[in-house]
Every structure is written in C-alpha cells, then in structure tokens.
Amino acid sequence: MAIKERMSGNEAVARAIKQINPDVMPAFPITPSTEIPQFVSNMISNGEIDTEFIPVESEHSSMSAAIGSEAAGARTLTATSSCGLAFMWEVLYVAASNRLPIMMEVVNRALSGPININAEHSDSMGARDSGWLQIYAENNQEAYDNTIQAYRIAEHKDVKLPIMVCQDGFITSHAVENITLIEDEPVKKFVGTYEPEHYLLKEDETMAVGPYAISPYCMEAKRAQAEGMRAAKQVILDVAKEFEAISGRRYGFFEEYCLEDAELVLVAIGSVCGTIKDAIDQLREQGCRVGLLKVRVFRPFPGEEMAAALKNAKAIAIMDRCEGYNATGGPLGAELTAALFRAKSTAEVVNIIYGLSGRDVKVSDVVRVYEKLEKLSKGRNEFGEYPYLGLRSEDANDCV
C-alpha cells in the first residue's frame, strides 16, 4: 500500500536510507546536505536501523572511510555538497577505479568562490569525469525514488561503479512537498542484500585494492571501468522497469514533457523543470508547440537517445545551472551539442546559463526563452553568442 507523506527532499532521502538499512555511513556535515547524516544518526540512536555511523574529520576522510568499508564488503553511503565534494576529489577517482559501488547523496550547491550556499550544479558537474554514475531529481519524490534504485544499479555485476544521487540544494532538499512512499518490505525486497563476489574480509580472498598499476596493465583497467559505465545504461532501464512494478512510477534516462510534437524545446536538469512545465502548460493553451526534455541520467550520458528524442525540434535551448568556463557554455550544452552533431540534427541550438548561486527562475523567464527560440527557429538569433538567463546587464547579447 502506498503511504502518503509530506517531507523535505533530505527527509525523503533519509527515509529511503532507513528502508535500505545500509551497513556503514561515514559523513562530515556541510550545508545543505547536513540533515541527511543527522537524520540517519538519529535513526541509529533510536534503534530504527543498525547502520554503523562514522564521524570523520573531513570530507576527504569521509570518502576514504567509504572506500575502506565498501572494499571490506559493507554496503556504504555518504552525503555531501559543494566544497565537501571538491575536498573528496582525489578519492572520488579511487572509488571509481576500484569499482566500489558506494552511494553518495549530493545536495547540489555552488562551489566557491565567491562563497555561496545556494543551488548550482558546479559541484557534481565538476566531478562528471571521475567515473561516478550520476542521477538527478526534479523534486522530493524523485530524490526518494532515485535513492531506492541507486544500489541496484551500482552493485550490478556488469557495472560495479559508485553512484551520485543528486538534488538541488534548498529548493528540494529543504522544501516540504507531498510525496508517496513505498512500504518497508517491498523496498527491502527490491534492494536486496549486498553479496559482493570479492571483498577484503572474505576468507582466502587474494585481491588487492588500490594497487600501483604499471603501464602494461593500467590502460586495460581504465577500459574495463569505461565498459562498466556503458553497461550501466541498460541496467538503469532494467532497474527502472522493476521499480515501476512496485511503485507505479516510470523512469528512464530522461522525461519527455509535451515533446512529441514540440518544435521549440528546452533541455534541463533538476528543479527548474517544474517551472518549465508550468510555462509549457501556459504556452500550450495559446497553441504554442513547446516542450521539455528533462535529463535524469547524466552519467552515463545518453546522448544518442536524447538526440533521437529531439529529432522533431526546430530550435533547442540547452539549460546549464553550471558555468563550464570554456568560453562557450556549460557541460550539458557541450555534451548534448556534440550528440546532436553526430546525429546530424538540423535544429538551431543555443546553450543558456541560468540559476547560478541560487538565482531565481520564473515562469516569465522561461516564456521569454521560448519566445526567442521561436525567432531562432525562423533564422533570427536574439540570444547572442553566450547568453545568461536573468543576468543584470546592459548588453542585450549577454542576457535573455
């Protein structure tokens, strides 16, 4: 039976963690993810779960401890944000190269500087090439659902990679929404118990974790890791299909909202998609053929599938809540533009930077993007070369 609840994104994630009951959680507090280890430690103190909580002195130590416990055969998770994720940088690569299916709840927050504690994707996007799987949520319901699916994906024998479950700081992490929970037993059955084939505490185990890799072998190890990322695509779809059977909620690489006949399309990640949907509903009532492709999975990057979904679009605005500092746009824009090129798309494409450091995005802002997209589809570019949404600037080419 479905359970109706009201809770924040952090609470929803903590409830999923309670249902999964992982073995170990090392964590160090950082806003806005601090509540997640706080909730978990309270559950442990109250005897609701038997997870071993490890208080550590830094995020680098948190990930190092997670690597140790996962390598020893324990199902492990942690949580962080922003500079905490950056402090883990060195060991993020170690976790992935050692093929350790750690789960990390990432509550997205701007990296310094300037110092800012609000929503931005610069933290997780900065780690996009570290070898971790990345799944993003639009709302609290998706943060809960993605957490339940995460271990099934990461621990699959063909994947064996760590996974980030991402949500937007404060916008979803602290805002309370109505969500639907699954009862404990179906979740426990769905996630299952962790039974790794190889782990350091296994009797007569002969493997090494984190050895020095000499040149004749290292490249093969990296290729095997890349194959795990490629295999994750099918596993993500298979797990989502099984999850639909117990929840009634359907997931994939992305969500298509009014996309089938859309000529003007926005592509975005995270909480802004709710605002975009409101703008679409408003414009559809006026007869405008507008749509949204909401990205859920960024690693592995489903470029071919996204290009196919966008095949009927005449003009596309790719929205990045992260500055790529490559003088052309953000990471989603770079990767999707490349995928569209390979698919020989003829759509006009613009990459827009938005929402940095928590800058608000209103329905009227999105409507303005669609209005300019319509002109772009007819050969009139009013975006300029490198547009920001809602930027305070006197140069019309700088902003939308």
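The values are calculated or read from the model by the stated rules, or taken from the named source; none is laboratory data. Here the structure is a predicted model, which means the values were calculated and not measured. Every residue, glycine among them, receives a Cβ derived from its backbone with ideal geometry; neighbour counts consider all protein chains shown.
Observations, loosely collected:
- Residues that are more than 15 Å from THR78 (Cα to Cα) and basic (Lys, Arg), drawn from the stretch 1-19: LYS4, ARG6
- Test: residue in the stretch 308-319 that is under 29 Å from ILE182 (Cβ atoms) and among the small types (Gly, Ala, Ser): yes
- Screening ARG392 with (1) touching a Gly at 6+ places or on another chain (Cβ under 8 Å); (2) without any contact (Cβ under 8 Å) to a residue 24 or more places away in the chain; (3) closer than 23 Å to THR275 by Cβ gives one miss only, at (1).
- Within the stretch 338-350, the presence of a residue that is buried (at least 21 other Cβ atoms within 10 Å of the Cβ), in the same structural domain as VAL267 (by TED's automatic domain parsing) and among the hydroxyl-bearing types (Ser, Thr, Tyr) is excluded.
- Comparison of ALA279, ALA315, ALA339 shows that the only residue that is farther than 21 Å from VAL361 by Cβ, in contact (Cβ under 8 Å) with a residue 12 or more places away in the chain and among the small types (Gly, Ala, Ser) is ALA339.
- Considering (1) at pLDDT below 95; (2) hydrophobic (A, V, I, L, M, F, W, C); (3) not assigned by TED's automatic domain parsing to the domain that holds ALA12, the lone condition that ALA208 does not fulfil carries the number (3).
- Residues of the stretch 121-143 satisfying the condition of being farther than 27 Å from SER97 by Cα and more than 10 Å from the chain's Cα centre (by Cα): ASN139, ASN140, GLN141, GLU142
- Residues satisfying the stated conditions in the stretch 183-216, i.e. aliphatic (A, V, I, L, M), under 19 Å from LYS157 (Cβ atoms) and touching a residue at least 24 places away in the same chain (Cβ under 8 Å): VAL191, LEU200, VAL209
- Residue match in the stretch 308-325 (condition: surrounded by fewer than 16 Cβ atoms within 10 Å (Cβ to Cβ) and assigned to a helix (DSSP H, G or I)): yes
- THR328 being more than 21 Å from GLY291 (Cβ to Cβ) and not assigned by TED's automatic domain parsing to the domain that holds ILE171: yes
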